[in-house]
Each structure stands twice: as C-alpha cells, then as structure tokens.
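Novice: Could you have a look at this structure, given as structure tokens, before my questions?
What follows draws every value from the coordinates through simple rules; no lab data is involved. What you see is a predicted model; the values in this text were computed from it and never measured. Every residue, glycine among them, receives a Cβ derived from its backbone with ideal geometry; neighbour counts consider all protein chains shown.
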Amino acid sequence: MVTILGITGGIGSGKSTASKILGELGAFVIDADVVGHKIYQPDTPAWREIVETFGDEVIASDRTIDRTKLGAIVFSAPEKLEALNKITHGKIYSYIQGQIDYIRAHDPNRVIAVEAAILLEAGWRSLVEALWVVVASEDVVINRLQTYKNMSEDQARARINAQMTNDERIAQADQVIWNNGELHDLQQAVETSWQRLNG
C-alpha cells in the first residue's frame, strides 16, 4: 500500500483543492507552500539569504518576505528564480522529510500527501511512493488566475511559462487528475483515485 503520495501540478491547476479533499478523506497533508511560508519568517537563515540576494524591497511591513514582490522579481528572469530555488529548496525538503519521519514514527499506516508545485522541478520524486498530477488546460488556468489572483493575462502566461509543462508532469505521473470542470468533478476524481490507492 502507498503511504507517501505526491501531489503536484502547475499554478491554477487545483492541486491545493485536491490536497484539501485528500485531507478530508484521511490523508495527512504536508503543503510545501505552507512550509515555504515558515522558512520565510523574519531572521531565519532563508530570510537572511533572500534579503541579501533580492534586497530590502522584498520585506513586508511585518518583516516577513512579501511573496508578491518576490514573485514579480523572480518570475521576470529565469536566473533570479534559480537563485531563489537554491536558497529555499533544500530547506523545504529537509522540513518535509522531518514531518514524514515524525508521522511514520507515530502513525505508520497513515497516508501522507505531500503537495508541492515544485516536486518534480526540485528533484523530489524519490521522496514519494506514488505521484498524482493535477492538470487543467491553459485557457482554464489563465481564467482562474485572472479571476482569483487578479493577474493580467500576461502575468498569468509568465507564471505558466516559468513552470514545467503539463506534458512533462504527466510523463512522470502514476495518476493524472484533470480539473477543467467544477469542484464536484474534482471531488469525484480524487475520491475515485483515493479508493484505487487504498483498494
């Protein structure tokens, strides 16, 4: 039985919603984005390296990293995104591995779902036993980003183009979950895949 499941997908694909559904079904969800927020806290090693690399303009009024400002910088140039990834990926991986070890020690049969947009790009495939990829067509993603994230079409395309393609993700997937429809369609697809996983 699979006990460590990876959930990935591009921006606006619905991977976070799929992970939330998995949590409701009984999985312990580790969200790499939440872990990222933790390592961005003021005066942590990652915080200091980010400020050193990208300047004081990425510091928010509460002294955390302003992820919107940082995103605008790193998604405008591949070398800047690479610099950020060098700072953060190893720290996020270590934190996730620690959480997996803790859950395994205390509840060995519990399914752990690791949600990470960068799971494949960061080379973390070996961290999980099975990989689910949540995908949506580009026009659906652009619409979602414009509606829910207030991005312009150009901003949305820049984010999409900075990431791995759907085809590249699908090539490494054990399960592909298409999410072009409504929430109830995604719920049904996740529940069906969950039953297969635990069957």
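Novice: So which of Glu138, Glu115, Glu121 ends up being in contact with an Asp or Glu (Cβ under 8 Å, 6 or more places away or on another chain) and under 14 Å from Gly10 (Cα atoms)? It would help to see each step written out before you state the result.
Specialist: Numbers: Glu138 fails: in contact with an Asp or Glu (Cβ under 8 Å, 6 or more places away or on another chain); Glu121 fails: in contact with an Asp or Glu (Cβ under 8 Å, 6 or more places away or on another chain).
The conditions single out Glu115.
Novice: If you go through region 53-73, how many residues are assigned to a helix (DSSP H, G or I), more than 20 Å from Asp31 (Cβ to Cβ) and not small (Gly, Ala, Ser)?
Specialist: 7
Novice: Which ones in region 145-170 are more than 16 Å from the chain's Cα centre (by Cα) and crowded, with 18+ Cβ neighbours inside 10 Å?
Specialist: Listed by number, the residues that qualify are Met151, Ala156.
Novice: For Asn180, state whether it is more than 18 Å from the chain's Cα centre (by Cα) and on the phi > 0 side of the Ramachandran plot. Can you show your working first?
Specialist: Values: more than 18 Å from the chain's Cα centre (by Cα): yes; on the phi > 0 side of the Ramachandran plot: no.
No: the conditions fail for Asn180.
Novice: Which one is surrounded by the fewest Cβ atoms within 10 Å (Cβ to Cβ), of the residues in region 1-47 that are of a type in the set (Asp, Glu) and within 22 Å of Met164 (Cβ to Cβ)?
Specialist: Asp33
Novice: Just checking, which of Ile118, Ile50, Ile103 is in a helix (DSSP H, G or I), surrounded by 14 or more Cβ atoms within 10 Å (Cβ to Cβ), of a type in the set (A, V, I, L, M) and in contact (Cβ under 8 Å) with a residue 60 or more places away in the chain?
Specialist: Ile103
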